[in-house]
Ligand SMILES: [Ca+2]
Ligand SMILES: [Ca+2]
Ligand SMILES: [Ca+2]
Ligand SMILES: [Ca+2]
């Protein structure tokens, strides 16, 4: 019997012993173009007018697990392979946080991958990993994708960050795994107004004060973060209180613009605003009691 291998398509990857029919590799076998290679083998006996017969030999690469899955995390702002992600507070559950791309170059089940968030991780309960395609097992078409989405509505002032762990495993034997720690920061939204330390401020100033004298300080705080918590103060623009007083926008220190005369006026009551971020503002009222001074009474506004 004579054997002949019709292998033109695969170059010199294989050779066949014409007598025994043994097929051996004669070069690197490249499965890059296809996951299987088909060789047509002709066999002819050595009798006269022998009629050749043919069969097909199919070769598949052995499912050797050379590689652990490779994980790429793309954040909302387009940054690749970042361990720090962001989601805005007050966003509804199911809000997109990151795209997770998983690949494994191994053949067969050694290259198929499944991912999940670590079950024993408390923070993981606040997020879900949703397959982008319904047949989530990766490998056959070169990878799989998941969306990391929020599982609830977050309040940055209550919890500014979550630490979760992404776990991916292929189906090789033994399986290769990869674990990626991720930090999801809750981005601030301006959802808090400034809050004053008191419902009403009362200050007393002696008459005949010098102009520019500090008469008191108001203070408000804002639970937000960054610019959203940057409190600024100003007097009610619709009153004439800025004739008598000025407030430092940043420190809240209030100074007298005039020297007071108790016989002319013995108290003021007016409103100061504290604002922060672009939307918050709050009204507050104050009262100044003018005390009698020790020396005469200079004219008002001198
Ligand atoms: Ca693998
Ligand atoms: Ca909040
Ligand atoms: Ca906030
Ligand atoms: Ca605010």
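No value in this document is a laboratory result; all are computed from the given coordinates. Just so it is clear, the model here is predicted, and its values are computed rather than measured. Positions of Cβ are generated from backbone atoms using ideal geometry, with glycine treated the same way; all protein chains shown enter the neighbour counts.
Given 0.36 nm per residue, what is the gain on full extension from residue 165 to residue 291 after removing their alpha carbon distance, in nm? Don't jump to the answer; show the numbers that get you there.
Details: separation 126, 0.36 × 126 = 45.36 nm, distance 6.51 nm.
Gain on stretching residue 165 to residue 291: 38.8 nm.
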query = Given the C-alpha centroids of region 190-211 and region 218-243, what is the distance between them in whole angstrom?
reply = 11 Å
Mean separation of Cα contacts under 8 Å, 6 or more apart, over the residue count of region 19-133: relative contact order % = 19 percent
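Using Cα pairs under 8 angstrom and six or more residues apart, how large is the relative contact order of the chain, in percent? Before the final figure, lay out the partial values.
On the way: 720 pairs, mean separation 39.0, N = 302.
For the chain, the relative contact order is 13 percent.
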request  = Along Cα→Cβ, 7 Å out, is where each label goes; now give me the distance between the ones at residue 125 and residue 180 in nm to one decimal.
outcome  = 2.5 nm
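So what are the chain's ellipsoid semi-axes, whole angstrom, largest first, if each one is the square root of 5 times an eigenvalue of the alpha-carbon gyration tensor?
On the way: eigenvalues 1451, 46, 31 Å².
Ellipsoid half-lengths, sorted descending, are 85, 15, 12 Å.
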inquiry  = Can you compute log10 of I(q)/I(0) for region 210-283 with the Debye formula, treating each Cα as one identical point scatterer, at q = 0.15, 0.18, 0.20 Å⁻¹?
reply    = -0.54, -0.73, -0.85
remark   = Cα extents of region 70-187 along the principal axes, largest first, in whole Å, come to 48, 27, 23
key: Spin-label pair residue 72/residue 219, simplified geometry with 7 Å Cα→Cβ offset, distance in nm   = 5.2 nm
remark   = Here the gain from full extension of residue 40 to residue 109, 0.36 nm per residue of separation minus their alpha-carbon distance, amounts to 22.1 nm
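What FRET efficiency, computed as 1/(1 + (r/R0)^6) with R0 = 51 Å and r the Cβ-Cβ distance, is obtained for residue 28 and residue 81, rounded to the nearest 0.05?
Values: r = 31 Å, r/R0 = 0.61.
Here the calculated transfer efficiency is 0.95.
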ask   = When only C-alpha pairs under 8 Å and at least 6 residues apart count, what is the relative contact order of region 70-187, in percent?
value = 32 percent
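Given R₀ = 41 Å, FRET efficiency for residue 206-residue 230 by Cβ-Cβ distance, to 0.05? Write down the numbers at each step before the final one.
Details: r = 34 Å, r/R0 = 0.83.
Between residue 206 and residue 230 the formula returns 0.75.
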ask   = Measuring from a point 7 Å past the Cα of residue 116 along Cα-to-C-beta, which residues in region 65-81 have an amide N at less than 18 Å?
value = 69
